[in-house]
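A.B. asks: The structure that follows is given in the form of structure tokens.
The values are calculated or read from the model by the stated rules, or taken from the named source; none is laboratory data. If you're wondering where the values come from, they're calculated on a predicted model, not measured in any experiment. Note: ideal-geometry Cβ built from the backbone for every residue, glycine included; neighbour counts use all protein chains shown.
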Amino acid sequence: MSMVTGQYAQLLAKGQRKIFVQWNEMYQRDLEYPQVFNVETMTSAYDDELEFAGTQPTPIKFENQSVFYTTIIQGGTIRAIPLTYGIAARMSFELVDDDQYGIIKQVPKALSRSNRFTEEMVPWNIINLGFSTVKSIDGVTLFNNQHPLLGGPAVTNYAPGLGNIISAAGTFPNRPAVDVDLSFAAIQLMTNQFERMVDGVGMPVVYKPKSLLIAPANRFLARELLGSPGKPGTATNEINSLLGEDLGYMVGHYLTSDTAWFALCDKQYHHLKFKWRQKAVMDMNDDFDTNAVKHKSIMRFTAVPANWVGVWGSNGP
Amino acid sequence: MASLLANHTELEVVRTKSGNTEETDSPAEKAGQSFVKGTPVQLNAGVLQAWDGATVNAGIYGVAAEDAHNLASDGLGFPIPFNPVGFPGTGTTFGKVPFQASAVNIPEGAPPVKGLVVVFIANLDTVFRAQTDNNTGAATTPTRANRGTAYGLTIDANGHWYVDFAKTTVGTNTVVEMVDLDPIDGSVANARILFQFTKAAMQIVL
């Protein structure tokens, strides 16, 4: 598709008082995904990531009996394959030459803006679709109330206090059994699940959520729930017990659901990853035959939920 | 009756008339496909499968540039807009992951699978090459006199397709038209020839 003078006749004559160039004057949001995702680089056609669970708890060694031998447990593999994203624009020599306002010469800026949207949307869809199609290393959806543990049902038998947390033996949730809207009680439920978090062999581990990830529509509610000195929505003197959880919130402008909400640990504790294979490279050339100008941008990246630990989600009700 | 040769070279692109890069597409792959590189392929309800060998009118989308991946479901892993390649990213796994029935072990070096197949599109620009043979078992030696003649394609016992000189009934069993002899093979028995798909056989005329 070429851009030619006939499509932009008003750029060919002086006299326009003002031209509102959206890609210059409507400011895009700062990149949001780097606040959520661990941004890495990769150097090959794909990255594979593995998982291992440790050894079981130490059992009794009875008198004169041998110690108990055990093994570590190898989990599955998750593969990240970068895709190439590219966009280009071609404008006739005459259009570039006759544009009286320099608008056409700024098309590469618009291409950069296009890149930026795609760079944001792909990782955010890991979260948006984490209840349905996006799967983590254990082969089930990223947000799931029954993530199978590598140690199996035995580990949830001895892991302390999981009875009220899990929905099935041998699993651990990072999603409510029944999705719930953002609320005081729902945040309590979420923090309780994090407090009871165990590893693949049922040993309690530290995963403390630091931030809620919410759609713009939930920002007022989040302020009330996390900022009120008293218990939100009550006329009693109870303190707001959520304040002690030291939770912040982030508004995600690329979240697609107004009711879904999420909780994240600090980035070093979770495994949502954005992997650059090649950052955007802009190039341009003149076509020898037509003297048309071509601008092109290519980038390669992927996003992957390498593991489900450290993130939590509820898909509204 | 079998062809004279049991195995043939695969269909491949040799050049384009325009001099441009050959036109390709990357449609989602139909589940359970096991065709090999160089197989004529067709779209069926939007997903790609091996050509059925019978549909000669609007039946061939192009030639597969890679082997099929025997996907468990149509387009498994195919990246929808603004999404990465889906789990598991390969068709090659081994063993089982304890207590995680849906997880996979991927051996190092397993080919990446994106749920799609790259296809060299059958169009009026791309020139392909394939070996000649005859499904009656008769000897086949193409000559320059065969240029412009329409032929059919037949699959051999090894999954490779050849230009079948026994199929010459236009509208019934022909899908390609000979463009020239292969400049290396020349006019020898079972030589490779250069051909284009006929306009009638093209599933989508581009």
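A.B. asks: For the structure I just gave you, tell me whether residue A:77 is of a type in the set (Ser, Thr, Tyr), closer than 30 Å to residue A:93 by Cβ, surrounded by 11 or more Cβ atoms within 10 Å (Cβ to Cβ) and at pLDDT 95 or above.
C.D. replies: No, not satisfied.
A.B. asks: I've got another one for you. Take the residues in the stretch B:161-188 that are acidic (Asp, Glu) and outside any strand (DSSP E or B); name whichever of them is farthest from residue B:53 (Cα to Cα).
C.D. replies: B:185
A.B. asks: Condition test on residue A:280, is it out of contact with any His (no Cβ under 7 Å at 6 or more places or on another chain), within 14 Å of another protein chain (Cβ to nearest Cβ) and of a type in the set (Gly, Ala, Ser)? Walk me through it before giving the result.
C.D. replies: Working: out of contact with any His (no Cβ under 7 Å at 6 or more places or on another chain): yes; within 14 Å of another protein chain (Cβ to nearest Cβ): no; of a type in the set (Gly, Ala, Ser): yes.
No: the conditions fail for residue A:280.
A.B. asks: Answer yes or no: is there a residue in the stretch B:155-165 that is closer than 28 Å to residue B:66 by Cα and over 17 Å from the mean Cα position of the chain (by Cα).
C.D. replies: Scanning the stretch B:155-165, I find at least one residue that is closer than 28 Å to residue B:66 by Cα and over 17 Å from the mean Cα position of the chain (by Cα), so the answer is yes.
A.B. asks: I need a count of the residues in the stretch A:279-306 that are within 12 Å of the chain's Cα centre (by Cα) and in a loop (DSSP other than H, G, I, E, B).
C.D. replies: Selection size over the stretch A:279-306: 1.
A.B. asks: Can you pull out every residue in the stretch A:26-82 that is under 30 Å from residue A:113 (Cα atoms) and assigned to a strand (DSSP E or B)?
C.D. replies: A:38, A:39, A:40, A:41, A:47, A:79, A:80, listed by residue number.
A.B. asks: On to the next question. Would you call residue A:58 polar (S, T, N, Q) and touching a residue at least 12 places away in the same chain (Cβ under 8 Å)?
C.D. replies: Working: polar (S, T, N, Q): yes; touching a residue at least 12 places away in the same chain (Cβ under 8 Å): no.
No: the conditions fail for residue A:58.
A.B. asks: With the checklist (1) on the phi > 0 side of the Ramachandran plot; (2) away from chain A (no Cβ under 12 Å); (3) surrounded by fewer than 22 Cβ atoms within 10 Å (Cβ to Cβ); (4) modelled with pLDDT of 95 or more in hand, flag the one item residue B:46 doesn't pass.
C.D. replies: (4)
A.B. asks: Here's something else I'd like to know. Go through (1) under 30 Å from residue A:317 (Cβ atoms); (2) free of Cβ contacts under 8 Å to residues at least 12 places away in the same chain; (3) of a type outside the set (Phe, Trp, Tyr) one by one and return the number of the condition residue A:102 breaks.
C.D. replies: (1)
One line per residue, one yes/no per condition, for (1) among the hydrophobic types (A, V, I, L, M, F, W, C); (2) in contact with a Pro (Cβ under 7 Å, 6 or more places away or on another chain); (3) in a helix (DSSP H, G or I); (4) surrounded by fewer than 16 Cβ atoms within 10 Å (Cβ to Cβ):
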position: A:168; (1), (2), (3), (4): yes, no, no, yes
position: A:182; (1), (2), (3), (4): yes, no, no, no
position: A:201; (1), (2), (3), (4): yes, no, no, no
position: A:206; (1), (2), (3), (4): yes, no, no, yes
position: A:218; (1), (2), (3), (4): no, no, yes, no
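A.B. asks: Related question: If I ask for residues that are in contact with a Ser or Thr (Cβ under 9 Å, 6 or more places away or on another chain), farther than 23 Å from residue A:310 by Cβ and not in a loop (DSSP other than H, G, I, E, B), which ones from the stretch A:226-278 would you list?
C.D. replies: Scanning the stretch A:226-278 gives A:230, A:277, A:278.
A.B. asks: So which of B:84, B:111, B:107 is free of Cβ contacts under 8 Å to residues at least 60 places away in the same chain, more than 7 Å from every other protein chain (Cβ to nearest Cβ), of a type outside the set (A, V, I, L, M) and over 30 Å from residue A:154 (Cα atoms)? Walk me through how you get there before you give the answer.
C.D. replies: Numbers: B:84 fails: more than 7 Å from every other protein chain (Cβ to nearest Cβ); B:107 fails: over 30 Å from residue A:154 (Cα atoms).
Being free of Cβ contacts under 8 Å to residues at least 60 places away in the same chain, more than 7 Å from every other protein chain (Cβ to nearest Cβ), of a type outside the set (A, V, I, L, M) and over 30 Å from residue A:154 (Cα atoms) holds for just one of B:84, B:111, B:107, which is B:111.
A.B. asks: Can you run down the residue pairs with Cβ atoms below 8 Å, 6 or more apart or on separate chains, where the first is in the stretch A:69-87 and more than 7 Å from chain B (Cβ to nearest Cβ) and of a type in the set (Val, Ile, Thr) and the partner is surrounded by fewer than 17 Cβ atoms within 10 Å (Cβ to Cβ) and not in a strand (DSSP E or B)?
C.D. replies: Cβ pairs passing all conditions: A:70/A:55; A:71/A:55; A:72/A:54; A:72/A:55; A:87/A:114.
A.B. asks: Residue A:284 fails exactly one of the following numbered conditions: (1) at pLDDT 95 or above; (2) surrounded by 14 or more Cβ atoms within 10 Å (Cβ to Cβ). What is the number of that condition?
C.D. replies: It is condition (2) that residue A:284 fails.
For every residue, the table says whether it meets (1) among the acidic types (Asp, Glu); (2) closer than 20 Å to residue B:138 by Cβ.
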position: B:163; (1), (2): no, yes
position: B:171; (1), (2): no, no
position: B:176; (1), (2): no, yes
position: B:180; (1), (2): yes, no
position: B:183; (1), (2): no, no
position: B:187; (1), (2): no, yes
position: B:194; (1), (2): no, no
position: B:198; (1), (2): no, no
position: B:204; (1), (2): no, no
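A.B. asks: Kindly list the number of the only condition in (1) part of a helix (DSSP H, G or I); (2) at the interface with chain B (Cβ under 9 Å from one of its Cβ atoms) that fails for residue A:114.
C.D. replies: Going through the list (1) part of a helix (DSSP H, G or I); (2) at the interface with chain B (Cβ under 9 Å from one of its Cβ atoms), residue A:114 breaks only (2).
A.B. asks: Would you pick out the residues in the stretch A:142-157 that are surrounded by fewer than 21 Cβ atoms within 10 Å (Cβ to Cβ) and either more than 23 Å from residue A:191 (Cβ to Cβ) or in contact with a His (Cβ under 7 Å, 6 or more places away or on another chain) (or both)?
C.D. replies: A:152, A:153, A:154, A:157, listed by residue number.
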